[in-house]
Amino acid sequence: MSQTKLKNFADALPTFWKSRIVAQAGNSNIKILKMDGQSYPAETHDYAEALIVLDGKMFLTVEGEPVEVPAGEMYLMRAGVAHAVEPGSHGTLMIVDPAVA
């Protein structure tokens, strides 16, 4: 068993919007990234991913609809769904997605 201070890990990241793997659990990556208020372009994945806001707030557009995800909440993005991060998103984001073999 190991313990990780996620805020310290996030603070040490050199750039915004570039996730780093903190750990793997089962067949999943656990990633952390910093959001700096800028937008992030639309993307689609062939897998589901959990977007967990640790602190701050994330604003998404999911299939054309606005979604606000405050600190302490999670948005489960279904596979194949287009989503974009809108301006104003800030703080620390944890992403749980499949580990690539």
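The values are calculated or read from the model by the stated rules, or taken from the named source; none is laboratory data. As the structure is a prediction and not an experimental result, all values here were calculated from the model. Neighbour counts run over all protein chains shown; Cβ positions are idealised from the backbone, glycine included. Surface accessibility is based on the protein's heavy atoms, side chains included, excluding ligands, DNA and RNA. Shrake-Rupley method; radii C 1.70, N 1.55, O 1.52, S 1.80 Å.
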Seminar exercise, completed: Restricted to the range 13-57 and to residues being of a type in the set (S, T, Y) and within 14 Å of A84 (Cα to Cα), the residue nearest to the chain's Cα centre (by Cα) is Y40
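If I ask for residues that are of a type in the set (A, V, I, L, M) and touching a Gly at 6+ places or on another chain (Cβ under 9 Å), which ones from the range 66-96 would you list?
Matches in the range 66-96: A71, A82, L93.
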For this session: State which residue pairs qualify: first residue touching a residue at least 12 places away in the same chain (Cβ under 8 Å) and open to solvent by 20 Å² or more (accessible area, probe 1.4 Å) and inside the range 67-85, second residue assigned to a strand (DSSP E or B) and basic (K, R) in any location, beta carbons under 9 Å apart, and separation of 6 or more residues or different chains.
Result: P70/K57; A71/K57
Exercise. Restricting the first residue to the range 10-29 and requiring it to be over 17 Å from G56 (Cβ atoms), which pairs with a second residue that is of a type in the set (D, E) meet a Cβ separation below 7 Å and a spacing of at least six or different chains?
Worked result: S28/D97; N29/D97
Exercise. Among the residues of the range 35-58, is there at least one that is open to solvent by 50 Å² or more (accessible area, probe 1.4 Å), in a strand (DSSP E or B), more than 19 Å from A99 (Cβ to Cβ) and in contact with a Leu (Cβ under 8 Å, 6 or more places away or on another chain)?
Worked result: yes
Exercise. How many residues does the range 66-97 contain that are over 13 Å from Y40 (Cβ atoms) and either among the polar types (S, T, N, Q) or at pLDDT below 95 (or both)?
Worked result: 1
For this session: Among the numbered conditions (1) over 14 Å from the mean Cα position of the chain (by Cα); (2) among the β-branched types (V, I, T); (3) not in a loop (DSSP other than H, G, I, E, B), tell me where T4 comes up short.
Result: (3)
For this session: Look through S19, S28 and report the one residue that is small (G, A, S), modelled with pLDDT of 95 or more and open to solvent by less than 60 Å² (accessible area, probe 1.4 Å).
Result: S28
For this session: Give just the number: which of (1) open to solvent by less than 60 Å² (accessible area, probe 1.4 Å); (2) farther than 26 Å from A12 by Cα; (3) not in a strand (DSSP E or B) does G88 not satisfy?
Result: (2)
